[in-house]
Amino acid sequence: MTFFAASWWPYAPYETLEIVARLAIWFFVWDDETDPDESSAMVDNWGRVSIFRQRTVDLVRQSLTETTDPKPLEGSSEPIIAFFGPVGEAVFRSCNKRQSNSFLEELLFYINMCGEEQKFYTTQSIPTVEEYIQTRVGSGAARACLATVEYAYGITVPEEIMNDEMMQQLWHEAAMIIHTTNDILSFKKEISQSQVASLIPLLIPQVGSVQLATNHAAEIVKSSIDRFDAIERQFLERYSTTPEVQEGVRKVIEGYKYACTANLNWSLITGRYKLNCESMSGGLHITL
């Protein structure tokens, strides 16, 4: 996870890097605890997982909200949930209200979409491609990680700029690039677990083969990259007469880009996806 964190947030100061690394670890552990494809002990029990999610929501809210309540954080007795506590507290101490609230909203969206994914499993229903993508934008955790860019680099961009439609679109496209790339590169792992509620398996009936499904997913990534690049040029040009503002915008956009490339590089070398690859030079051949 050290490589993962250092790649995602390459210019974060060391103490800040420790916090975002802790966040990344928490996402992996928390997700595996509720993921049907990771042999979770609780995944077949909707009530039990719902309580686990609600306790997580309670702790996340408390750790990112100013409070004088001396009571322990909700969920603090459960190690996996409690592991997040120092992350929320550090972000809340360092960030303004808008930044903390944005991070909180993305975390709640992540937890909610993980619940939607579990519904597909517990009801034994297969989502459509559109339903899957809508859920995956949240459950992939990319948006929540991207919400830490300002915190990681110690910058504050004006609220009206972060809420601008173009910045929001950049955020969305970066998340699409990350989770679609992940869906392509994790396919070998997923079929070994007989997982069908993922992008490549869901595309196969529509396009006719694994290769065509992979090509289609790769085109989704390419289209998002093209849109991202076009919006970036327009957005930076808008602030060309205000260099200080433009520099803040540029740093946020660069943070999104680092996340995209870091996700790709980490996915290639991690044993989690069984690719045993260190370079995309010459393309990537995956034997299923």
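Observations on the model:
- Residues of the range 105-127 satisfying the condition of being among the polar types (S, T, N, Q) and modelled with pLDDT under 95: Gln118, Thr122, Thr123, Gln124, Ser125
Residues are listed down the side, and each one gets a yes or a no for (1) closer than 16 Å to Ala144 by Cβ; (2) at pLDDT below 95:
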position: Val57; (1), (2): yes, no
position: Glu66; (1), (2): no, yes
position: Ser76; (1), (2): no, yes
position: Phe83; (1), (2): yes, no
position: Phe92; (1), (2): yes, no
position: Asn96; (1), (2): no, no
position: Ser100; (1), (2): yes, no
position: Phe103; (1), (2): yes, no
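- Restricting the range 244-282 to residues that are crowded, with 16+ Cβ neighbours inside 10 Å and small (Gly, Ala, Ser), the residue that is farthest from Ala5 (Cα to Cα): Gly248
- Within the range 3-18, considering residues that are more than 12 Å from Tyr153 (Cα to Cα) and within 17 Å of the chain's Cα centre (by Cα), the one surrounded by the most Cβ atoms within 10 Å (Cβ to Cβ): Ala5
- Condition broken by Val245, with the remaining ones in (1) in contact with a Leu (Cβ under 7 Å, 6 or more places away or on another chain); (2) within 24 Å of Pro10 (Cβ to Cβ) satisfied: (1)
For (1) among the charged types (D, E, K, R); (2) outside any helix (DSSP H, G or I), each residue gets a yes or a no:
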| residue | (1), (2) |
| --- | --- |
| Ala152 | no, no |
| Met166 | no, no |
| Gln169 | no, no |
| Ala175 | no, no |
| Asp183 | yes, no |
| Lys189 | yes, no |
| Ser194 | no, yes |
| Pro201 | no, no |
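- Being farther than 25 Å from Gln168 by Cβ, at pLDDT 95 or above, assigned to a helix (DSSP H, G or I) and under 22 Å from the mean Cα position of the chain (by Cα) is a description that does not apply to Leu212.
So that you can scan it fast, the table gives a plain yes or no per residue for (1) modelled with pLDDT of 90 or more; (2) not aromatic (Phe, Trp, Tyr):
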| residue | (1), (2) |
| --- | --- |
| Phe4 | yes, no |
| Trp9 | yes, no |
| Leu17 | yes, yes |
| Leu23 | yes, yes |
| Phe27 | yes, no |
| Asp31 | yes, yes |
| Pro36 | no, yes |
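- Count of the range 152-172 residues which are surrounded by fewer than 23 Cβ atoms within 10 Å (Cβ to Cβ), in contact (Cβ under 8 Å) with a residue 40 or more places away in the chain and within 21 Å of Phe27 (Cβ to Cβ): 2
- Of all residues in the range 113-138, those satisfying the criterion of being of a type outside the set (D, E, K, R), free of Cβ contacts under 8 Å to residues at least 40 places away in the same chain and closer than 20 Å to Ile178 by Cβ are Met113, Gln134, Thr135, Gly138.
- Considering only residues in the range 121-150 that are in a helix (DSSP H, G or I) and aliphatic (A, V, I, L, M), the one that is surrounded by the most Cβ atoms within 10 Å (Cβ to Cβ) turns out to be Ala142.
Yes/no per residue for (1) at pLDDT 95 or above; (2) within 18 Å of the chain's Cα centre (by Cα); (3) surrounded by fewer than 20 Cβ atoms within 10 Å (Cβ to Cβ):
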| residue | (1), (2), (3) |
| --- | --- |
| Ile178 | yes, yes, no |
| Lys188 | no, no, yes |
| Ser194 | no, no, yes |
| Ser198 | no, yes, no |
| Leu202 | yes, no, no |
| His216 | yes, no, yes |
| Lys222 | yes, no, yes |
| Arg227 | yes, no, yes |
| Leu236 | yes, no, yes |
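The values are calculated or read from the model by the stated rules, or taken from the named source; none is laboratory data. Computed from a predicted structure; not experimentally measured. Virtual Cβ from ideal backbone geometry, glycine too; neighbours counted across all protein chains shown.
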